[in-house]
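Since the structure comes first, as structure tokens, the remarks are kept for the end.
What follows draws every value from the coordinates through simple rules; no lab data is involved. Given the structure is predicted, the values throughout are model-derived calculations rather than measurements.
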Amino acid sequence: MRRTRTALFAPVILATIAVGACSSLPEGQVESHSEQVRRDMYRFGSVLGTDGGINLLGNNRQRQQGDGTGIGVNSFLWRASLDTLAFMPIVSADPFGGVILTDWYSPPETPNERFKVNLYILDRQLRADGVRVSVFRQQRTGADWRDVAVGPETGKSLEDAVLTRARQIRVTQASQ
């Protein structure tokens, strides 16, 4: 009996996903940027987008069903996120999926270190848990850049800045 290629590779693909889902970093090891992006995309996304389709390995939060038009996330959080990250070069901004990815940014006062931010808007409501920020840092060692651990307070302070700006935008819009 001959098996098709799909039938032969399906167990391999499933095993790879299962093993990958069980992995964790040893104490003290820094997760690289590409590993973080891959992990976050599985955690927050779905196969056919963030609001529809089949949600594999993803967020269990119920999303409100809209009319399918316009921005896919909370507009206050979206504008506040863009305002907050305006000092960094933005590589990708997806208003329907709620994902903003920046390029590496080196502050002028510290040219031997650089930062990168991945920001995810998780909800259509203006809520404290509606934004998730991942910050990556590298330091130059000779000609190479090395990943350096970033404390969780850095991402939290960026999340707070976005939420504060979103509230300011909402109050300003409501008073007009």
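Overview of values
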{"read-out": "Amide H contacts under 5 Å for residue 90, placed H, 5+ residues apart", "value": "103"}
{"read-out": "Estimated vicinal HN-Hα couplings, Hz - the stretch 81-91 in sequence order (Karplus 6.51, -1.76, 1.60; Gly, Pro = x)", "value": "5, 5, 4, 5, 9, 4, 6, 9, x, 8, 8"}
